[in-house]
């Protein structure tokens, strides 16, 4: 199942409408040299065009979502997102990584 999903994402990267971070064990030294903390849970950051609206962070939990609007609580998530974005591979390299991952899963 994971092979099929990974192969599908690699075959149609523009169709998902989202950014995908693909975590693989083989990234080795490069990963360990990065300066960021891996998120302990999934979260979403929402911004709105009205400058009076706050930036909002929604943290996914098992029982309910935690919604943060206080700038002191939102800022760490904003910084974490920026560090993850900076560490992410460019689109072409991400596609190559997904393609290689799908191929290795097919062999397993």
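General remarks:
- Between residue 47 and residue 100, the contour length at 0.36 nm per residue exceeds the alpha carbon distance by 15.6 nm.
- Shape call, segment 62-102: gyration tensor on alpha carbons, a/c limit 1.5: oblate
- For the pair residue 83 and residue 61, label points projected 7 Å from Cα toward Cβ lie 2.3 nm apart.
- The mean sequence distance of close C-alpha pairs (under 8 Å, at least 6 residues apart), as a share of the length of segment 53-108, puts its relative contact order at 21 percent.
- Extension gain, residue 75 to residue 40, is 11.0 nm, computed as 0.36 nm per intervening residue step minus the present C-alpha separation.
Each value in this text was obtained by applying a stated rule to the coordinates, not by laboratory testing. Just so we're clear, the structure is a prediction, and the values are computed from it rather than from any experiment. No Cβ is skipped: glycine too gets one built from the backbone with ideal geometry, and neighbour counts run over all protein chains shown.
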